[in-house]
There are 2 protein chains.
Amino acid sequence: MTDTEEKTGKAEGGRGGRRGASGGASARRQARSGVNLVSLPYIHRQLDPVDILSTEAVEIIEHNADILMEEIGVVYSDDAEALKMWKDAGADVKGDRVHLPKGLCRELMKTAPSSFTQHARNPARSVEIGGKTTVFAPVYGPPFVRDLDGARRYATIEDFQNFVKLAYMAPAMHHSGGTVCEPCDIAVNKRHLDMVYSHIKYSDKPFMGSVTAPERAEDTVKMAQILFGEEFVDQNCVLVSLVNCNSPMTLDGTMLGALKTYARANQASIVSPFIVGGAMSPVTVAGTLTQVLCEATSAVAFSQLCRPGSPVIFGTFATSISMQSGAPSFGTPEPAQVLMGAAQFARRYNLPFRSGGSLTGAKLPDAQAAYESANTLWPAMAGGVNFMLHSAGWLEGGLVSSYDKFIMDCDQLAAAQKFAAGVDMSENGQAMSAIREVGPGSHYLGCDHTQNNFKTAFFASNVADNNSFEQWEIEGELRNDQRANKVARTWLESYEAPALDQGVDEALTEFIREKKDSMPDAFT
Amino acid sequence: MTDTEEKTGKAEGGRGGRRGASGGASARRQARSGVNLVSLPYIHRQLDPVDILSTEAVEIIEHNADILMEEIGVVYSDDAEALKMWKDAGADVKGDRVHLPKGLCRELMKTAPSSFTQHARNPARSVEIGGKTTVFAPVYGPPFVRDLDGARRYATIEDFQNFVKLAYMAPAMHHSGGTVCEPCDIAVNKRHLDMVYSHIKYSDKPFMGSVTAPERAEDTVKMAQILFGEEFVDQNCVLVSLVNCNSPMTLDGTMLGALKTYARANQASIVSPFIVGGAMSPVTVAGTLTQVLCEATSAVAFSQLCRPGSPVIFGTFATSISMQSGAPSFGTPEPAQVLMGAAQFARRYNLPFRSGGSLTGAKLPDAQAAYESANTLWPAMAGGVNFMLHSAGWLEGGLVSSYDKFIMDCDQLAAAQKFAAGVDMSENGQAMSAIREVGPGSHYLGCDHTQNNFKTAFFASNVADNNSFEQWEIEGELRNDQRANKVARTWLESYEAPALDQGVDEALTEFIREKKDSMPDAFT
């Protein structure tokens, strides 16, 4: 047993322990399949995050949020327990409105860890979330897919598993995500079981839990306990789940139920104001940030009321509304500013931060999709996002998971990861020998330094075409998305599942069967 | 006469003075045409530029460049005068190799202005280049176009004029550029006359001069003198021209001829190492930056030998080579790092900086084109580029000027300009009244603050589709480039030329006729 295995709980006893396949075996299988993919570890960003707000602006917004939290308060709806917890903590509770005295949330947030490890069943895939790390996770939530034949249709569990497989294979995808698409062919009250099982079975990367009802969150925790062991789960984060606020200024009972379940189980939630600026927040960036601060800090503080020290992520999902059509628009400048401003506040409070993703309103993986995705990825990387949901596959404002775009986005994530590694200043990086060897008016193609470095020197895209026009013409004049489609097919054909301990697999299957048998199907 | 007009030389007497149309008249014409475009001034970036290199890294690279400039030197080929100038300035000249003692270039560069105004014939379109400003200029150099019918063919003077017209109309395009495409239907030795004339006639934005031969640079200066007056041109910058180095470590006679002509006429050159990393520089970022520093600082210093105090721009054009195919690739992480590192050195030496652009190796304006363009635009904005050539229209590694992509890129430039304006922290920006008015669980669509701000609050793209899937389907399921094609057609149909003084027009036409009559056509 290695040190790493020990740390992640195999020695903890209990039902499961860690029984996944090692990264080495996975790499060997991939090498046999002819698709040469090497998983990259999560990112340690070498650049300092960019502050978009002046110190004065930060203080104004925080001051304004303090006023609003006390004066207007935050609604905690359909959850009497939550209201009592807030009252006991010193808030002024009137009806379901929680008025928060200045500084109370900031004080409560202090017990939340600034960074934490989310463990994967393969310890080589565990991720650190916080500080200067960035973890990429797939698209979350779409009910539709654009499939490999270009059809737009409701997603199925087969699609779900396919996206889990693609995320498993994509080198710069560090996380298996959660609802990579909605498996609409399975009953609403049962599909969370199949989703969690699919993440465990078809990937060895960390994953997310169900939040659509408290009992589904509990099922998720139980399945994690089967996989990792009860004691290990109580002492370590193995789940990160997504709890959206109902902006403006409201948290509802469903989300609070999931938040309480996970926090008490010492599992992380991302508490995210989900904001369409101009509809769910003011039309200005500073106004939106003020509201984000009220919502997110109140929810983070609440997680610490549930269990002090439990991991939690300050989240922000912002888009702007088209004032002509009322539709949300993505990849525009104002949400990028909100993202970077919110990141600055998360840093101020020493909290991990979630935002970003390859967001777009486009219906096809065309230039609009790419511009808009890049326009979210860049500020997210510059702003210092720690956990980036929706980082691949998102299309059509989040209604669609796209196979083609998943591949295209993953290529961009790999590029972002290379950029974030910073400039190599080693002697080899300085390359003085090369410049001396080549001299004026010559070229570097054949020199020793180039020969020694060419395999890893430059990022190489697996979907971009940089051939001559003539060569591209001969090869069928393909667009980027058409090349990505071929890559997606090749990956799925060569996919091999990481080994899963048979006892764990059977225990999970049995748990799911029992659960499913205990209730009739519900489709709403 | 307004103050602004006086400052830009109308009162200077001489042949031309400023006789362009005012921005107001242009706006009225555009309003009549039904295309509502309002030109934006050049950008004042509100964010500090991002330093990608540590102080230690900067010092190592500068130290290495000092060693190489002295030990290896820079070749000044086919220009005996330049070699003599360097010898007189204290360099050790051996053959055509100029060995530069440590610190000589840095000392000479001190007379170059850190920022300067390039005057346009319409003073409202004059641009400041340096410090925290950014000026966007169109694609430069392609011999081919992708035309409005999708055909790829040699460019003509009609295409050239069309791109000048589109750049004139694009709100966030601050500059008319130079060789927006090569008018291949006109003799090589005469086409510069038609290009410069087209910029003057069809736009009132600032423009670039010819660099393909010293006498063509002289013709450009003479035409500028007809437009602005001789004395005004001698005392003010009205031309910015592009002088590429022949990397590694060489400046040739042709480019030196243009550089000398412009510097002595007090006109700006951009001195740009044009680098395909791995071929024309080492395969590493630090090595490439070291070479860039040798080439650019030597050329900037030389411009100051020609005329101390003349404006000059530190330039860098970097791409990486595909080690598989040998083709250059664009929008990859390493050239982005080179760009930001070179920008950092330009700031260190208080010089305006040129780099960036909407670069791509894609053959079509597809997702590859968009991702790659965004991957150059973002680091260029973050790095603090002052003059951004190729900011719209570039396709296929610079072989093609694309009408569709020109429109798509201009839309992105407008978004970048909005982002660069920073966060509005005014009372209206803080939006406390809105949050108070709306309260928890409601929405902001109808509140006073939203109504008062909705027209300008959010960036609105003119090519993105954010409608519902169903609406998009009804409207023909168009891709981004197909919508851009329609916009390009509409703009060209509604174009109206800015008024040009008839006397100036006739004088320019006569100058061109005389020049053309004085020599036979040359096609190579």
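The values are calculated or read from the model by the stated rules, or taken from the named source; none is laboratory data. Keep in mind the model is a prediction, meaning the values are calculated, not measured. Cβ: placed from backbone, ideal geometry, glycine included. Neighbour counts: every protein chain shown. Only protein heavy atoms, including side chains, enter the accessible area calculation; ligands, DNA and RNA are left aside. Shrake-Rupley method; radii C 1.70, N 1.55, O 1.52, S 1.80 Å.
A few remarks follow.
- The set of residues in the stretch A:342-384 that are open to solvent by less than 10 Å² (accessible area, probe 1.4 Å), more than 9 Å from every other protein chain (Cβ to nearest Cβ) and part of a helix (DSSP H, G or I) comprises A:342, A:343, A:345, A:346, A:380, A:383.
- Count - residues of the stretch B:245-257 that are modelled with pLDDT of 95 or more, of a type outside the set (S, T, N, Q) and assigned to a strand (DSSP E or B): 1
- Hey, residue B:331 in contact (Cβ under 8 Å) with a residue 24 or more places away in the chain, open to solvent by 10 Å² or more (accessible area, probe 1.4 Å) and closer than 30 Å to residue A:363 by Cβ or not: yes
- Meets criteria (touching a residue at least 40 places away in the same chain (Cβ under 8 Å), within 11 Å of chain A (Cβ to nearest Cβ) and at positive phi) for residue B:397: yes
- Figure legend. Inter-residue proximity from the stretch A:500-518: first residues more than 16 Å from residue A:227 (Cβ to Cβ), second residues among the charged types (D, E, K, R) and open to solvent by less than 30 Å² (accessible area, probe 1.4 Å), beta-carbon distance below 7 Å, spacing 6+ or different chains. Indicated pairs: A:516/A:190.
- Unique residue being open to solvent by 10 Å² or more (accessible area, probe 1.4 Å), in contact with an Asp or Glu (Cβ under 6 Å, 6 or more places away or on another chain) and in a helix (DSSP H, G or I) when the list is A:231, A:215: A:231
- When the stretch B:79-119 is limited to residues that are under 28 Å from the mean Cα position of the chain (by Cα) and of a type in the set (Asp, Glu), the one that is farthest from the other protein chains (Cβ to nearest Cβ) turns out to be B:107.
- Single residue of the stretch B:440-463 satisfying the filter (within 25 Å of residue B:402 (Cα to Cα) and not hydroxyl-bearing (Ser, Thr, Tyr)) that is farthest from the other protein chains (Cβ to nearest Cβ): B:462
- The one condition in (1) modelled with pLDDT of 95 or more; (2) more than 27 Å from residue A:151 (Cα to Cα) that residue A:360 fails to fulfil: (2)
- Scanning the stretch A:56-74 for residues that are facing chain B (nearest Cβ under 8 Å), in contact (Cβ under 8 Å) with a residue 12 or more places away in the chain and among the acidic types (Asp, Glu) gives a single hit, A:71.
- Qualifying residue in the stretch B:316-325 (condition: crowded, with 23+ Cβ neighbours inside 10 Å and over 27 Å from residue A:470 (Cβ atoms)): yes
- Residue tally, condition more than 8 Å from chain A (Cβ to nearest Cβ) and β-branched (Val, Ile, Thr), over the stretch B:41-55: 2
- Among residues of the stretch A:135-172 being within 14 Å of chain B (Cβ to nearest Cβ) and open to solvent by less than 10 Å² (accessible area, probe 1.4 Å), the one that is farthest from the chain's Cα centre (by Cα) is A:145.
- Filtered by the rule that a residue be closer than 20 Å to residue A:378 by Cβ and at the interface with another protein chain (Cβ under 8 Å from one of its Cβ atoms), the stretch A:303-329 gives A:320, A:328, A:329.
- Inside the stretch B:423-455, residues that are open to solvent by less than 30 Å² (accessible area, probe 1.4 Å), more than 24 Å from residue B:45 (Cα to Cα) and within 40 Å of the chain's Cα centre (by Cα) make up a count of 2.
- A residue that is in a helix (DSSP H, G or I) and open to solvent by less than 40 Å² (accessible area, probe 1.4 Å) occurs somewhere in the stretch B:113-124.
- Tabulated pairs, the stretch B:464-491, first more than 8 Å from chain A (Cβ to nearest Cβ), second open to solvent by 30 Å² or more (accessible area, probe 1.4 Å), C-beta under 7 angstrom, 6+ apart or interchain: B:485/B:148; B:487/B:462; B:488/B:148; B:489/B:148
- Qualifying residues in the stretch B:303-315 (those that are crowded, with 24+ Cβ neighbours inside 10 Å and either out of contact with any helix residue (DSSP H, G or I) (no Cβ under 7 Å at 6 or more places or on another chain) or not hydrophobic (A, V, I, L, M, F, W, C) (or both)) - the one nearest to residue B:233 (Cα to Cα): B:311
- Residue B:401, sole failed condition from (1) within 19 Å of residue A:374 (Cβ to Cβ); (2) touching a Phe, Trp or Tyr at 6+ places or on another chain (Cβ under 7 Å); (3) open to solvent by less than 10 Å² (accessible area, probe 1.4 Å): (1)
- Selection of the stretch A:63-88 for residues being buried (at least 18 other Cβ atoms within 10 Å of the Cβ) and assigned to a helix (DSSP H, G or I) yields A:64, A:65, A:66, A:68, A:69, A:82, A:83, A:85, A:86.
- Scan the stretch B:192-242 for residues that are more than 17 Å from the chain's Cα centre (by Cα) and under 22 Å from residue B:254 (Cβ atoms) and the total you get is 16.
- The stretch A:246-294 - residue that is closer than 14 Å to residue B:441 by Cβ, crowded, with 24+ Cβ neighbours inside 10 Å and more than 19 Å from the chain's Cα centre (by Cα) and, of those, nearest to the other protein chains (Cβ to nearest Cβ): A:249
- Scanning the stretch B:429-439 for residues that are within 21 Å of residue A:332 (Cβ to Cβ) and more than 7 Å from chain A (Cβ to nearest Cβ) yields nothing.
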